[in-house]
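In what follows, a structure is listed as structure tokens, so that the remarks can point back to it.
The values are calculated or read from the model by the stated rules, or taken from the named source; none is laboratory data. Just so it is clear, the model here is predicted, and its values are computed rather than measured. Note: ideal-geometry Cβ built from the backbone for every residue, glycine included; neighbour counts use all protein chains shown.
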Amino acid sequence: MKRSWLWAVLPLTILGILIAVFLRLNPLQVLVGSAPPVESIQIERAVLKSDEPIRLLIRGNGTDPVQIAQVQVDGAYWQFQQDPPGEISRLKSVQIEIPYPWMEGETHHIKVLTATGLTFDYSIDVALPTPDADPARLLHYGGLGIFVGVVPVGLGMLFFPYLKTLGNQGIQFILTLTLGLLAFLLVDSLQEGVKLATEAASVFQGGSLVWLSAATAFLTLLMISRRGGNVPEGMALATYLALGIGLHNLGEGLAIGSAFAVGEAGLGSLLVVGFTLHNLTEGIGIAAPLIRLQPRLWVFVSLAALAGLPAVLGSWLGAFAYSPQWAALFLGIGSGAILQVMVEVGSYVRRLNEPRGSWLTIPGLAGFSLGLGIMYATALLV
Amino acid sequence: MKFSLSRRSLLGLGGLGSLLSRPAMASEQTMTHSLRIHGGLTSVGEVDHARNGFDPYALLTDWDPGQVSQLSNGQTLREYDIDAADRLVEIAPGVMYPAWTYNGRIPGPTIRVTEGDRVRIRFSNRSTHAHTLHFHGIHQARVDGVPGTLEAMPGQEVVYEFEAKPFGCHLYHCHSAPFKRHLHKGLYGVFVVDPNPKRHPEQEAVARSRVLGSRENARWQELLMVMNAFDTNFDEENEFYAVNTIAHELMKRPIRIQRDRPVRIYLVNVTEFDPINSFHLHANFFDYFDHGTTLTPTHKTVDTVMLCQAQRGILELSFAEHEPGLYMFHAHQSEFVELGWMSAFEVVA
């Protein structure tokens with residue numbers, strides 16, 4: 001029995017030996033024949049600065065290393081320098097500098113050719129200088145984050161005195177409305193995450209990353225909120241709501257920051273107005289569980305900060321250090337957090353509605369549908 | 001007899017020959033020059049011509065008169081051995097293309113004969129697919145080199161034999177199916193038929209100047225230019241365009257031209273996928289003989305010609321009045337220029 005640890009080591013040892021033998025003998029050679037390896041690279045990001053070369057961040061995405069042979073910009077072979085030079089191994093990334101006189105506000109198509117003549121395309125839809133992370137820019141993007149995150153959530157909370165005048169039915173209505181808005185955010189975050197995952201190098205398995213991080217975040221938060229054996233309500237529930245919405249807003253900030261940075265959103269402040277309206281509802285939702293309490297002002301301020309400030313962080317990350325795999329991960333975590341809050345709000349409503357013990361009443365369904373409807377309608381603006 | 005004459009005339013193209021022995025210097029000078037003019041518009045790196053087994057610069061003047069003998073009827077017999085083989089060719093710096101080749105090169109050997117000669121070609125297929133030699137010329141159906149007619153299966157050898165006519169600048173290519181693939185993989189070459197001066201008494205001197213190895217021909221600087229392209233990712237669009245296969249090569253190493261000797265270009269378009277290609281000369285005009293089948297120009301004093309797939313012709317020009325310098329020539333489809341079909345003459349006094 002003392003030697004039982006051997007049985008933990010032995011399988012791993014045998015596995016190691018098997019892998020070594022497999023790699024050595026390469027029995028798959030029979031199946032693969034002389035077919036060349038499938039080359040794959042992912043062009044993750046283009047960085048543009050006035051009067052400077054186009055810089056591309058390229059990551060190895062295939063099983064075998066890839067050698068970049070030539071680079072085309074807008075259908076013309078162009079000089080380039082690769083740093084570090086040589087082949088790009090799986091998951092490694094290199095930077096390529098192309099001294100191409102790019103034109104502000106126009107579209108540029110880049111084609112990277114490998115040593116076997118395979119091509120990988122990337123398009124800069126609207127060429128604009130990539131923002132530098134200088135104080136002025138940080139301030140601007142921070143202001144943007146505050147405007148789409150903190151301000152609307154705070155405004156939503158101003159409904160609080162009104163919410164307090166509502167009776168039991170009214171509270172249930174508002175809470176189910178919150179459920180509706182959360183359901184919308186959940187679907188939205190997951191979809192956005194899965195979409196971004198397709199832009200990341202496939203080796204990161206971005207799609208799985210979204211779902212798995214959502215599940216892990218959900219279970220972790222649920223475990224924390226239920227650790228006393230009680231279902232959270234009041235202050236605790238409002239905090240979880242703020243946290244979940246905050247994580248969602250981090251993803252939203254990422255989207256806004258990167259959209260502005262790559263020029264996609266450069267044409268409309270409508271986008272910002274839309275997000276602001278959209279997020280107003282979130283403030284109402286966070287305040288709803290507090291109706292029976294007499295919270296101080298600082299409670300509201302902190303909740304608004306918890307829910308809104310991540311949008312600032314998100315817009316900085318999105319503008320200055322954007323990469324799709326990180327965005328997908330954040331959106332996954334945000335989705336998990338939202339699901340946890342939905343479960344908790346759902347149980348809270350159910351308890352308010354004892355003895356029937358369900359939130360699915362007529363006012364409940366009406367609130368849920370209205371929540372979805374408001375979010376959908378305000379999302380039309382963005 | 002003719003064979004030795006043509007060897008001598010090759011040496012006679014001294015300016016070109018001597019440049020071949022010192023390509024490095026020319027390429028260095030031109031790199032800085034082209035960078036100054038064209039910004040960064042170029043492919044990056046150098047092609048290993050030795051590994052490829054052919055040099056686009058050498059192909060410019062690599063006429064193959066064949067094994068020459070006399071038949072009992074007095075006709076000249078020219079014999080060639082051509083094989084087809086699969087090989088990787090570096091068609092642009094660092095880009096290896098799985099090509100199909102005649103005699104290991106793209107374009108294949110430049111067959112140069114005289115009008116009325118008997119041409120015999122032993123064609124052996126060392127490739128993994130069926131191939132043919134289909135000549136553009138006047139001949140019988142049984143030597144046409146199409147599927148089912150003198151098509152060599154892998155490992156087989158077939159013999160093509162016909163009389164060379166009409167005189168002009170022609171081509172040959174594989175005509176096995178699927179056609180597009182067999183062509184753009186590299187199975188093509190040039191078939192030049194020099195006019196027989198005796199058959200053109202009214203323009204005998206002009207005809208004589210076209211005959212490789214003649215005294216009149218020796219002062220001409222003759223160049224072979226095959227406009228071709230490669231689709232490296234097999235999406236039926238070309239990634240590289242060039243003259244003589246290697247993109248940008250004749251821009252990085254301009255063709256040395258002695259300005260007091262006239263220039264004659266045998267130009268052939270074998271570009272696949274794009275219906276037309278073109279040739280545009282900077283700062284000068286030329287006379288053009290479509291298909292090379294006439295001794296008087298079909299277009300006089302032009303600086304651009306447009307050729308459809310398989311169209312070809314002869315260009316005659318002179319830099320005698322020009323200052324020494326770099327004179328570009330390229331397709332006038334900017335798309336092709338920027339994808340490699342960009343070249344230059346370096347005119348020297």
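Are any of the residues in the stretch A:299-321 over 13 Å from the mean Cα position of the chain (by Cα) and farther than 23 Å from residue A:143 by Cβ? Spell out how you get there, then give the answer.
So the first thing to find is which residues in the stretch A:299-321 are over 13 Å from the mean Cα position of the chain (by Cα), and the list is A:299-309, A:312, A:316, A:319-321.
If we keep only those that are farther than 23 Å from residue A:143 by Cβ as well, we get A:299.
Looking for residues that are over 13 Å from the mean Cα position of the chain (by Cα) and farther than 23 Å from residue A:143 by Cβ, one finds at least one in the stretch A:299-321, hence yes.
Taking the stated definitions as given, is residue B:64 within 14 Å of chain A (Cβ to nearest Cβ) and of a type in the set (Asp, Glu)? Judged against the criteria, residue B:64 is not a match. Would you be able to tell me the number of residues in the stretch A:115-132 that are under 19 Å from residue A:318 (Cβ atoms) and either within 14 Å of chain B (Cβ to nearest Cβ) or surrounded by 15 or more Cβ atoms within 10 Å (Cβ to Cβ) (or both)? Adding up the residues that qualify gives 8.
For residue B:40, the conditions (1) modelled with pLDDT under 95; (2) within 30 Å of residue B:262 (Cα to Cα); (3) more than 23 Å from the chain's Cα centre (by Cα) all hold with the exception of (2). Take the residues of the stretch B:263-277 that are surrounded by 17 or more Cβ atoms within 10 Å (Cβ to Cβ) and of a type outside the set (A, V, I, L, M, F, W, C): which is nearest to residue B:332 (Cα to Cα)? Checked the stretch B:263-277; the qualifying residue nearest to residue B:332 (Cα to Cα) is B:277. If only residues of the stretch A:75-105 that are crowded, with 17+ Cβ neighbours inside 10 Å and not in a strand (DSSP E or B) are counted, the one that is farthest from the other protein chains (Cβ to nearest Cβ) is A:102.
Per this entry, residue A:246 is not counted among residues that are touching a helix residue (DSSP H, G or I) at 6+ places or on another chain (Cβ under 6 Å), part of a helix (DSSP H, G or I) and more than 30 Å from residue A:146 (Cβ to Cβ).
Of the residues making up the stretch B:128-143, those that are surrounded by fewer than 23 Cβ atoms within 10 Å (Cβ to Cβ) and touching a residue at least 24 places away in the same chain (Cβ under 8 Å) are B:128, B:129, B:130, B:136, B:137, B:138, B:139. Within the stretch B:181-211, the set of residues being within 30 Å of residue B:237 (Cβ to Cβ) and not in a loop (DSSP other than H, G, I, E, B) comprises B:181, B:182, B:183, B:184, B:188, B:189, B:190, B:191.
Is it the case that residue A:342 is more than 26 Å from residue A:223 (Cα to Cα) and out of contact with any Lys or Arg (no Cβ under 9 Å at 6 or more places or on another chain)? No, not satisfied. As a summary of the residue check, residue B:215 satisfies the conditions (1) surrounded by fewer than 23 Cβ atoms within 10 Å (Cβ to Cβ); (2) over 30 Å from residue B:318 (Cα atoms) except for the one numbered (2). Can you find, within the stretch B:67-82, the residue that is farthest from the other protein chains (Cβ to nearest Cβ) among those that are part of a strand (DSSP E or B) and loosely packed, with under 15 Cβ neighbours inside 10 Å? Here the residue is B:70. Within the stretch B:144-158, the set of residues being without any contact (Cβ under 8 Å) to a residue 40 or more places away in the chain and in a strand (DSSP E or B) comprises B:146, B:149, B:157, B:158.
Considering only residues in the stretch A:12-28 that are in a helix (DSSP H, G or I) and not hydrophobic (A, V, I, L, M, F, W, C), the one that is surrounded by the fewest Cβ atoms within 10 Å (Cβ to Cβ) turns out to be A:24. Among the residues of the stretch B:187-237, those identified as in contact with a helix residue (DSSP H, G or I) (Cβ under 8 Å, 6 or more places away or on another chain), within 14 Å of another protein chain (Cβ to nearest Cβ) and of a type outside the set (Gly, Ala, Ser) are B:230, B:231, B:236. The number of residues in the stretch B:159-209 that are without any contact (Cβ under 8 Å) to a residue 60 or more places away in the chain, under 21 Å from residue B:263 (Cα atoms) and charged (D, E, K, R) comes to 2.
Quick grid of which residues meet (1) under 21 Å from the mean Cα position of the chain (by Cα); (2) part of a strand (DSSP E or B):
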position: B:84; (1), (2): yes, yes
position: B:87; (1), (2): yes, yes
position: B:108; (1), (2): yes, no
position: B:121; (1), (2): yes, yes
position: B:162; (1), (2): no, yes
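Just checking, does the stretch B:269-281 include any residue being part of a strand (DSSP E or B), under 29 Å from residue B:209 (Cβ atoms), within 13 Å of another protein chain (Cβ to nearest Cβ) and not β-branched (Val, Ile, Thr)? No, the stretch B:269-281 has no match at all. If the condition is being assigned to a loop (DSSP other than H, G, I, E, B), on the phi < 0 side of the Ramachandran plot and within 14 Å of chain A (Cβ to nearest Cβ), then the stretch B:290-349 contributes B:331, B:333, B:339, B:341. Within the stretch A:279-294, residues that are over 16 Å from residue A:370 (Cβ atoms) reach partners that are outside any helix (DSSP H, G or I) and modelled with pLDDT of 85 or more with beta carbons closer than 7 Å, at six or more positions or on different chains, in the pairs A:279/A:149; A:287/A:159.
Quick check on residue B:99: is it crowded, with 18+ Cβ neighbours inside 10 Å, modelled with pLDDT of 95 or more and within 14 Å of another protein chain (Cβ to nearest Cβ)? Against the criterion (crowded, with 18+ Cβ neighbours inside 10 Å, modelled with pLDDT of 95 or more and within 14 Å of another protein chain (Cβ to nearest Cβ)), residue B:99 qualifies. Checking every residue in the stretch A:63-72 against the condition of being in contact with a helix residue (DSSP H, G or I) (Cβ under 9 Å, 6 or more places away or on another chain), within 11 Å of another protein chain (Cβ to nearest Cβ) and either surrounded by fewer than 17 Cβ atoms within 10 Å (Cβ to Cβ) or not in a loop (DSSP other than H, G, I, E, B) (or both) gives at least one match.
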